[in-house]
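To start, the structure under review is shown below, and the notes come after it.
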Amino acid sequence: AAAAVEAEQVVADLRERCATPASLLRDVASAMADEMGAGLEEEGGSRVKMLLSYVDKLPTGREEGLFYGLDLGGTNFRVLKVQLGGNKKHVVNSESREVTIPPHLMSGTSSELFGFIASELAKFVADEEENANANSLNGKKRELGFTFSFPVRQRSVASGTLVKWTKAFSIDDAVGEDVVAELQTAMSKQGLDMHVAALINDAVGTLAGARYYDEDVVAGVIFGTGTNAAYVERANAIPKWEGELPNSGDMVINMEWGNFYSSQLPVTEYDQELDKESLNPGEQIYEKLTSGMYLGEIVRRVLLKLSLQSGIFGDIDDSKLKAHFHLRTPHISAMHHDETPDLNIVAEKLHQILQITNTSLETRKMVVKICDIVARRAARLAAAGVAGILMKLGRNGCANTQRSVIAIDGGLFEHYTKFRECLESTLGELLGDEASKSVAVKHANDGSGIGAALIAASQSQ
Ligand code: ADP
Ligand code: MG
C-alpha cells in the first residue's frame, strides 16, 4: 500500500508538471509567432531558423511527365517515381520502395551513407525500367526531388549545406557539406544518370504534396520521428532575404521549429535528463517534447523513477527498464489504446519489452495514465505550434474567413490516434468556434516523398 501511495505521488507530480492549460498554450502559440518573425528578420535572429527553401512556386496539378523522389528522414528511406498526367489528371501512376537504413550508417561517414542510398536508388530504377514496357522519359534525363529532413542552409532550390544532424543521425564529415553534391557524386559512381532538381525536407514536401490537390493548403507539418513545419510566406515579409524577389511573391519557409524554445514550455526533470543525455543537448527542445523519437523514452524514464522510488513493479530485473530508448513510441501508443477490460495489452508490453510481470490492474492503469499525460502534453503543444503559424499568417481570428488547410504527416500523427485527436481538438479549443470554421487539418498521407517529385516537376517545367 505504501508503494501505491508513493507511485500515485510520482504520477500526480508528473501530471502537474505536464499541465498545458489553454492560457499556457496561447502563450506558446504567440511565442512561436514571435520567434517566426524574429527568425525572418535576420540570420540567427531566433532559435527557430526560418530557412528559405527557395521553393517559390508550388505544384498546381498541371505538371506532366515522369519524376523521381527520394525521402531520407528517420530510420527508413523511400525511393519512388510518379507519372503525372498534367491538366489536373494528377498522379496517374506511382511506384515506391522502402529501405531500412543499417544503423551503423547513421554514424559512419558521409560517402558510406550516400553510397548506400545511391545504390538502392540505382536498383529501384533498374528494376522499374525492366518492368516498364514503354519508356516514358523519351530520352530526357531523369529528374529527382530529394527530401532530406535535417536542417540545411540553401542558396538555391537544388543545393544546400547541412547545418547539423538531428534524430539518430550523427555523421560528422557531412556537416557543412552540400548534400546534393554528395548524392550527385554517389549516383555517378553507381552509373546512375539522374539530375537532382530540388532539395527539400519532409515538411516542405508535405506542403507541396497537399497543395498539388488543394490550393488552400498553407502549411505542411510533420510529427514523425522528429517534428518540423513549413509554410508559405509573402516574400516581402522576409527582411533577411537579400536576393531578388520571386515572380510569385511567395516563398516557402522551412521553419525548423523542432528547435523552438520558450520558458513557457512545461519541461520536467525527465525531459531535462533526457536532453542532457541526448546526442544534441540543449537543442530541439520542442521536438523532444512532441515527437515520436522521444515520447516512449520519456515514459520509460517515468516508469524507471516509479520503479526505483516506489517499488511498485516488485522485485524485477530492471536492465531493460534502464536501457535508453528501449521503450518506443509505438509501444506506448499500443498501451494507451488498450481497450481490453483487464488491460491485457499493457500487461503484455510491460512483460515483453520491460520484463515487468505480475502487475495489478491498478498498476497497469497507472501506466496508461502516464502514457496519457506524456502524449497529451505533446499533442497540445503540437496544436499550439500550429496555432502559432496561423497567428503569424493572421488567419487565427474570427474576422478571417479565408479557408486555411494545414497538411500534417508523420508516423506519430498517422498511427497514434489519441495524439491526433487531441491535437485536432486542442487546435479547435485555441482558435474558438468561429475561427475554427475556416481552418482544416488534413492528414497528408505520404506527401514527403511525392512532394519532392512534384517540386522537381514544377521546377523543371
Ligand atoms: P520519419 O519521421 O522517420 O520520416 P515517420 O513519419 O514514418 O518517419 O515516423 C516514424 C515515427 O512515427 C516513429 O519513430 C515512431 O515514433 C512513430 N510511430 C510509428 N508507428 C507508430 C505507432 N503505431 N504509434 C505511435 N507512433 C508511431
Ligand atoms: Mg518521413
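Coordinate-derived values only; no laboratory data. Quantities reported herein were computed from a predicted structural model and do not represent experimental measurements. Every residue, glycine as well, gets a Cβ built from its backbone with ideal geometry; the counts of neighbours run over all protein chains shown.
Can you grab the distance from the C-alpha centre of the stretch 140-180 to the C-alpha centre of the stretch 351-425, Å, no decimals? Cα centroid of the stretch 140-180 versus Cα centroid of the stretch 351-425: 29 Å apart.
Exposure proxy shown here: for ILE117, ILE353, the number of other Cβ atoms within 10 Å sets the order, fewest to most, as ILE353, ILE117. Can you give the Rg to Rh ratio for the stretch 1-144, taking only C-alpha atoms and Rh from Kirkwood? My calculation of the ratio gives 1.17. By the count of neighbouring beta-carbon atoms within 10 Å, fewest first, MET106, MET32 end up ordered MET106, MET32.
Calculate log10 I(q)/I(0) of the stretch 252-313 for q = 0.20, 0.26 Å⁻¹, where I(q) comes from the Debye formula with a single equal point scatterer on each Cα and nothing for solvent. Results for the stretch 252-313 at q = 0.20, 0.26 Å⁻¹ read -0.79, -1.12. Taking a Cβ cut-off of under 15 Å around GLY176, the surrounding Lys, Arg, Asp and Glu residues balance to a net charge of -2, with basic ones at +1 and acidic ones at -1. Each Lys and Arg contributes +1 and each Asp and Glu -1, all at the Cβ; summed about the Cα centre of the chain, the dipole is approximately 500 debye.
Take the Kirkwood radius over Cα pairs of the stretch 324-461, plug it into Stokes-Einstein at 20 °C and 1.002 mPa s, and you get 123 µm²/s for translational diffusion. Within straight-line reach of LYS365, meaning a Cα separation under 27 Å, sit the following lysines at least 8 residues removed in sequence or on another chain: LYS288, LYS305, LYS320, LYS322, LYS349, LYS418.
Per residue, the convex hull spanned by the alpha carbons of the chain comes to 151 Å³.
Within the same chain, lysines fewer than 8 places from LYS123 are excluded, and of the rest, those with a Cα less than 26 Å from its Cα are LYS81, LYS140, LYS141, LYS189.
In the chain, taking the dipole from charged Cβ atoms about the Cα centre, the farthest positive-side position among THR206, LEU390, ALA3 is held by LEU390. Excluding ALA19 itself, what net charge comes from residues whose Cβ is under 12 Å from its Cβ, given Lys and Arg +1 and Asp and Glu -1? With Lys, Arg at +1 and Asp, Glu at -1, the net is +3.
Taking the beta-carbon count within 10 Å as an exposure proxy, list TRP165, TRP257, TRP241 from fewest neighbours to most.
On the way: TRP165 18, TRP257 29, TRP241 15.
The most exposed by this proxy come first: TRP241, TRP165, TRP257.
Is the shape of the stretch 392-461 best called rounded, prolate or oblate, per the rule: a/c under 1.5 gives rounded, else a/b larger than b/c gives prolate, else oblate, with a ≥ b ≥ c the square roots of the Cα gyration tensor eigenvalues? Verdict is oblate for the stretch 392-461. Count Lys and Arg as plus one, Asp and Glu as minus one, and take only other residues whose Cβ is under 9 Å from that of GLN355; the net charge is then -1. Note on the stretch 75-191: with charges restricted to the Cβ of Lys and Arg (+1) and Asp and Glu (-1), its dipole about the Cα centre is near 540 debye.
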